[in-house]
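Novice: The structure is given below, and queries will be raised subsequently.
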């Protein structure tokens, strides 16, 4: 068993306007960081194009049609103040969804122990009919729904440690009793959601707002008290990670002060629970992280832990 990296050059063709934080260079830095000899054991797979039916696991046909129609033939088109499309954006988004769905297939089939999906655009802000926050489709939520609807799982845990609340994943899985969703995030911060009283239709949503300028010590204490025991009781059959690295102390879009080691700690704790309950089955998908060097270092630390646990 091993760790697989799912990615595709098409994800470089989703181009945002100059100065936009969710830029092509993010994936270039990640690719370079994972190209050293330390990552020779990674099993590298191409993220395939998803099918319409995969997207429709979480989004209505009207949303899919709108995104298809919005892709420009040249230049850039703004869907809102933050979210843009270029020629190639739809192809990239299909790779991001396809990478997540195929990673779930491979992990559940026992081909690999865990996986990291290095694709863009990210997904955890996309709601049922609303692209937002750089996101077009709910990649992590689609992966969870795929595991439940097509593989018959009835306990999937999703851990989102991006610095911004995973409002899209929350909305997409709000009424899903088979999914247990956790989001730690800075508060106050865009998008302004993610309060503790938002608990989902089946007490399946757990939000952990963290104050600006808090560091990894508070994060670790919060997870130890409010996340790991709940996952342990839930006994998941699969754990999905929305892996945003913008809580890093160097990130320009927020004010949490996590270190690279904090991301490694989170990854190891998740892998420990996966080892205990679901044969180590973890699928991690890239969300945020906008300081390029911090992003690259944090992804390298995250994937290194996945590999240690995937061996």
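No value in this document is a laboratory result; all are computed from the given coordinates. Quantities reported herein were computed from a predicted structural model and do not represent experimental measurements. Quick reminder, even Gly has a Cβ in these numbers, built from the backbone with ideal geometry, and neighbours come from all protein chains shown.
Novice: By how many nm would the segment from residue 109 to residue 74 grow when fully extended, if each residue of separation counts as 0.36 nm and the alpha-carbon distance is taken off?
Specialist: Values: separation 35, 0.36 × 35 = 12.60 nm, distance 4.06 nm.
Computed gain between residue 109 and residue 74 is 8.5 nm.
Novice: Pull up the DSSP beta bridges for the chain and report the antiparallel fraction as a percent, rounded to 5.
Specialist: 10 percent
Novice: Only Cα pairs within less than 10 Å get springs; with that Gaussian network setup on the chain, which residue of 186, 170, 51 has the largest fluctuation?
Specialist: 51
Novice: On a full-extension model of 0.36 nm per residue, what is the gain between residue 66 and residue 233, subtracting their alpha-carbon distance, rounded to one decimal in nm?
Specialist: Working: separation 167, 0.36 × 167 = 60.12 nm, distance 4.02 nm.
Gain in length upon complete extension: 56.1 nm.
Novice: In whole Å, what are the extents of segment 1-54 along the principal axes defined by its C-alpha atoms, from largest to smallest?
Specialist: That gives 39, 33, 13 Å along the principal axes, largest extent first.
Novice: Please compute the length gained on full extension between residue 197 and residue 151, using 0.36 nm multiplied by the number of residues separating them and subtracting their Cα-Cα distance. Spell out each step's value before the answer.
Specialist: On the way: separation 46, 0.36 × 46 = 16.56 nm, distance 3.13 nm.
This chain segment gains 13.4 nm when fully extended.
Novice: Oh, and also: Counting other C-beta atoms within 10 Å, which of 148, 1 has the fewest, and how do the rest follow? Can you show the working numbers first?
Specialist: Details: 148 20, 1 14.
Ordered from fewest to most neighbouring Cβ atoms within 10 Å, 148, 1 come out as 1, 148.
Novice: Right, another one. (i) 0.92; (ii) 0.98; (iii) 1.01: which one is Rg/Rh (Cα atoms, Kirkwood Rh) as calculated from this entry?
Specialist: (i)
Novice: Compare 284, 259, 242 in a GNM of the chain, Cα atoms joined below 10 Å, and give the one with the largest fluctuation.
Specialist: Between 284, 259, 242, it is 259 that shows the largest mean-square fluctuation.
Novice: Ranking 276, 68 by Cβ neighbours within 10 Å, fewest first, what do you get? List each step's numbers first, then the result.
Specialist: Values: 276 13, 68 10.
Going from least to most buried by this count: 68, 276.
Novice: Same structure, new question: Given Cα pairs under 8 Å that are at least 6 residues apart, what percent is the relative contact order of the chain?
Specialist: On the way: 744 pairs, mean separation 62.3, N = 311.
With pairs under 8 Å counted, the relative contact order is 20 percent.
Novice: Over segment 82-202, what is the mean sequence separation of C-alpha contacts under 8 Å (at least six apart), divided by residue count, expressed as relative contact order in percent? Please report the intermediate quantities before stating the final value.
Specialist: Working: 196 pairs, mean separation 25.5, N = 121.
Answer for segment 82-202 is 21 percent.
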